[in-house]
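Novice: Quick one: the structure is below, and I'll ask about it shortly.
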Amino acid sequence: MNVQETVADRDSRALESVVIRFAGDSGDGMQLTGSQFTVSTALAGSDLATFPDFPAEIRAPTGTTFGVSAFQINFGSTQVLTAGDEPDVLVVMNPAALRVNLGDLAEGGILIADSGAFSERNLQKAGYAQNPLKDGTVKSYQLLELDISALTLEAVKPYGLSNKEALRCKNLWTLGLTLWMFDRPRAPVLDWLTAKFAKRPDLADANRAALNAGHIFGEAAELAGTLKHYSVGRAQLEPGTYRTVTGGQALAWGLVAGAEKAGLPLFFGSYPITPASPILHQLSMMKEFGVTTFQAEDEIAAVCSAIGASYAGALGVTSSSGPGVALKGEAIGLAISTELPLVIVNTQRAGPSTGMPTKTEQSDLYQSVFGRNGDAPLAVLAAAKPSDCFGLAIEAARIATKYMTPVILLSDGYIANAAAPWKLPDVEAIPAFPVTHRQDPEGFQPYLRDPETLARVWAVPGTPGLMHRIGGIEKNYSSGHISYDPANHQKMTDTRRNKILGIARDQPLQTVETGGERGRLAVVGWGSTYGPIEQAVRRARAEGLDVSHIHIRQIWPLPLNLGDLLRGFDQVLVPEMNTGQLLTLLRSEYLVPAQGLNKVSGQPFKITEVLGAIRARLAVAGDSA
């Protein structure tokens, strides 16, 4: 049931799920509003997914479309896998937010507008010749036109704030109203305000007053019949302790857990870049877990410092986004040549070059698998959702230390910033993989290898009797001395390739997320397309369509059984937020007639986009819909 259906049935106000989008100027506090609504929703027991959508411009002119910031949350009493295709409720704090977001609002949806911000000047900035709240532009929606600015000023008048400070409270007024509309608790927000403004009690009191005023306004408006109150039940989640987590947080915690399981200190060398920086922020607060963070002067220094830490016996980790990983390329090749463990986290954003820093994309798969000079293979993993990041970060640390190799772990802007409930894992139950540094000088050579994994020994500089030299110039297979011998280079190149390909034997076989292992159509995804694909496949199967969902987390080497699995389907569809990078990999590796569904708008896939493609493929193939 959605908001529109409930409006038609005025006796029923219980909703199965709702999508709300808060939109306003960058200074209107929409991210804070959305994140606090998320906390209250999580504590109310609903399942949820969020999508913060930031403007790329740091300080775009106030009131312009370039500076619109939005936060969308989908929450419900059933399993929620995406932030929702289209909002049922849209809150706009100015005309620019309306212009940017109105086209996404569901037909008949609720539009809450701060009419106090619809001044002639703001209308001009947004490109409106007339007030869209008055000229019929929004006639297809349920408009709640409220002068939130004036109502907020009145609510906080007793606290003596300046007009500018007082207006900054209007997001809390709006939050109070929406918490009331959807029966979310206020207590978590009130507690947060107390802690946030501990040194400015006047601001804490004013914001509390604004929050309560919005809530009370809802109650009064309901009595007057102008506003409705909805309820969304608790989701049936697996028993356990939950918290909301973003991909950036889960990645940071997973890296710490991975270092702990390896028995190594964690060194994180990074240069700030959107949207990868939250990992640095998180890890910099975890010194008590043996974490050393280093904000380098550039990307090259960041990755080289991490390589140096690995050389010295720690787990070296670096992170960036596509442009930064490009700058790290030569150093990553050095880590491959020296065969040192290194984890490189790439939080992808829209490219090329600096592209659209705050928008999501999956266009670094080629770069991750192939993007280095020479034959320079490494392992590549890809997280599918925020909660995935914790376990895959541990796995990246395991592979890096067991096989003495760099590992690229792919996330993206959507996963990094989106929040979702996460059942706290039993960390003690996760198997450890303790690293043993070479201590014995007897017969030591720096490139002695494990015959099974082909990993070389890891000797920490300064260990008595283990003096050695490594570097980027080719080494002799046995002694590690510099070698230009053609046959040796062939052997070393083959060994580095076979070492990486052998990782596939150490990883789980590919499974099917939903559907059978054979059939008419397989929808194959990777990364943050997980939610839209899974929901679309479930809906298609409910329509009787023969379709399955396969989601790949081991990008390179690919799972051993993947080729046989794909050949069990008549068709293969690969939705990606790029122009067909996994598609190319699958075609080249398995010669399967896969087709792409591609999108590079900086926005995640919608469920309906994937569902439409499924219907179209099966209709073309003669299947009944």
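Novice: Could you list, in sequence order, all residues of region 567-625 that are acidic (Asp, Glu) and at pLDDT 95 or above?
Specialist: Scanning region 567-625 gives ASP570, GLU576, GLU589, GLU609.
Novice: Also, quick follow-up: Only residues that are in contact with a Leu (Cβ under 6 Å, 6 or more places away or on another chain) and either among the charged types (D, E, K, R) or open to solvent by less than 10 Å² (accessible area, probe 1.4 Å) (or both): list them for region 263-273, please.
Specialist: LEU266, PHE268, SER270
Novice: So, LYS402, is that one open to solvent by 20 Å² or more (accessible area, probe 1.4 Å), touching a residue at least 40 places away in the same chain (Cβ under 8 Å) and touching a strand residue (DSSP E or B) at 6+ places or on another chain (Cβ under 8 Å) or not?
Specialist: Against the criterion (open to solvent by 20 Å² or more (accessible area, probe 1.4 Å), touching a residue at least 40 places away in the same chain (Cβ under 8 Å) and touching a strand residue (DSSP E or B) at 6+ places or on another chain (Cβ under 8 Å)), LYS402 does not qualify.
Novice: Here is a list: LEU15, LEU90. Which entry is crowded, with 19+ Cβ neighbours inside 10 Å, within 27 Å of VAL138 (Cα to Cα) and at pLDDT below 95?
Specialist: Step by step, each of LEU15, LEU90 is checked, and only LEU15 is crowded, with 19+ Cβ neighbours inside 10 Å, within 27 Å of VAL138 (Cα to Cα) and at pLDDT below 95.
Novice: Given the options ALA429, ALA382, ALA418, name the one that is open to solvent by 30 Å² or more (accessible area, probe 1.4 Å), small (Gly, Ala, Ser) and within 30 Å of VAL39 (Cα to Cα).
Specialist: ALA429
Novice: Then there's this: Taking the condition over 30 Å from HIS549 (Cα atoms) and either in contact with a Gly (Cβ under 8 Å, 6 or more places away or on another chain) or assigned to a loop (DSSP other than H, G, I, E, B) (or both), does ASP440 pass?
Specialist: yes
Novice: Checking ALA235 against (1) assigned to a loop (DSSP other than H, G, I, E, B); (2) of a type in the set (A, V, I, L, M, F, W, C); (3) more than 34 Å from the chain's Cα centre (by Cα), which test does it fail?
Specialist: Going through (1) assigned to a loop (DSSP other than H, G, I, E, B); (2) of a type in the set (A, V, I, L, M, F, W, C); (3) more than 34 Å from the chain's Cα centre (by Cα) one by one, ALA235 breaks only (3).
Novice: (1) touching a Leu at 6+ places or on another chain (Cβ under 8 Å); (2) under 30 Å from LEU501 (Cα atoms); (3) open to solvent by less than 10 Å² (accessible area, probe 1.4 Å): which one isn't true of TYR530, the others all being true?
Specialist: The single condition TYR530 does not satisfy is (3).
Novice: Out of region 25-54, which residues are on the phi > 0 side of the Ramachandran plot and either assigned to a strand (DSSP E or B) or crowded, with 21+ Cβ neighbours inside 10 Å (or both)?
Specialist: Residue satisfying the conditions is GLY29 alone.
Novice: Select the helices (runs of 4 or more DSSP H) contained entirely in region 130-185, then report the ones holding at least 2 residues which are over 17 Å from ARG200 (Cβ atoms) and under 32 Å from the mean Cα position of the chain (by Cα).
Specialist: Passing ranges, in order: 170-181.
Novice: Suppose we filter region 154-187 for residues that are under 20 Å from GLY63 (Cα atoms) and open to solvent by 60 Å² or more (accessible area, probe 1.4 Å); how many remain?
Specialist: The total comes to 3.
Novice: When GLN282 is evaluated against the numbered criteria (1) in a loop (DSSP other than H, G, I, E, B); (2) more than 19 Å from PHE433 (Cα to Cα); (3) not aromatic (Phe, Trp, Tyr), which criterion, by number, is the only one it fails?
Specialist: Every condition holds for GLN282 apart from (1).
Yes/no per residue for (1) under 23 Å from the mean Cα position of the chain (by Cα); (2) of a type in the set (Phe, Trp, Tyr); (3) not in a helix (DSSP H, G or I):
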site	(1), (2), (3)
SER337	no, no, no
LEU340	no, no, yes
VAL345	yes, no, yes
LYS359	yes, no, yes
GLN362	yes, no, yes
ASN373	no, no, yes
PHE390	yes, yes, no
ALA393	yes, no, no
ALA400	yes, no, no
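Novice: Could you check region 90-107 and list, in sequence order, the residues that are in contact with a strand residue (DSSP E or B) (Cβ under 7 Å, 6 or more places away or on another chain) and farther than 20 Å from PHE605 by Cα?
Specialist: Listed by number, the residues that qualify are VAL91, VAL92, MET93, ASN94, ALA96, ALA97, LEU98.
Novice: Which of (1) under 30 Å from SER528 (Cβ atoms); (2) not in a strand (DSSP E or B) does ARG243 not meet, given it meets every other one?
Specialist: Single failed check for ARG243: (2).
Novice: Show the residue pairs meeting these rules: Cβ distance below 9 Å; 6+ apart or different chains; first residue within region 487-504 and free of Cβ contacts under 8 Å to residues at least 60 places away in the same chain; second residue open to solvent by less than 50 Å² (accessible area, probe 1.4 Å) and of a type in the set (D, E, K, R).
Specialist: That search, which allows pairs on different chains as well, returns ASN488/GLU474; ASN488/LYS475; HIS489/GLU474; MET492/GLU474; MET492/LYS475; THR495/ARG449.
Novice: Can you tell me which residues in region 41-80 are more than 25 Å from GLY103 (Cβ to Cβ) and modelled with pLDDT of 90 or more?
Specialist: Of everything in region 41-80, those that are more than 25 Å from GLY103 (Cβ to Cβ) and modelled with pLDDT of 90 or more turn out to be THR41, ALA42, LEU43, ALA44, GLY45, SER46, ASP47, SER77, THR78, GLN79.
Novice: While we're here: What are the residues in region 243-257 that are buried (at least 17 other Cβ atoms within 10 Å of the Cβ) and either over 15 Å from SER411 (Cβ atoms) or touching a Gly at 6+ places or on another chain (Cβ under 6 Å) (or both), if any?
Specialist: THR244, VAL256, ALA257
Novice: When region 489-527 is examined, which residues are found to be open to solvent by less than 30 Å² (accessible area, probe 1.4 Å) and either hydroxyl-bearing (Ser, Thr, Tyr) or on the phi > 0 side of the Ramachandran plot (or both)?
Specialist: THR493, THR495, THR514, GLY519, GLY527
Novice: Also, I was wondering about something else. What is the number of the single condition among (1) within 14 Å of the chain's Cα centre (by Cα); (2) not in a strand (DSSP E or B) that LEU409 does not meet?
Specialist: Going through the list (1) within 14 Å of the chain's Cα centre (by Cα); (2) not in a strand (DSSP E or B), LEU409 breaks only (2).
Novice: Among the residues of region 565-597, which ones are open to solvent by 10 Å² or more (accessible area, probe 1.4 Å), closer than 18 Å to LEU509 by Cα and either in contact with a helix residue (DSSP H, G or I) (Cβ under 9 Å, 6 or more places away or on another chain) or β-branched (Val, Ile, Thr) (or both)?
Specialist: Listed by number, the residues that qualify are ARG567, GLU589, TYR590.
The values are calculated or read from the model by the stated rules, or taken from the named source; none is laboratory data. Computed from a predicted structure; not experimentally measured. Cβ sites come from the backbone with ideal geometry, for glycine too, and all protein chains shown count toward neighbours. Just so you know, the surface numbers come from the protein's heavy atoms only, side chains and all, with ligands and any DNA or RNA stripped out. Shrake-Rupley method; radii C 1.70, N 1.55, O 1.52, S 1.80 Å.
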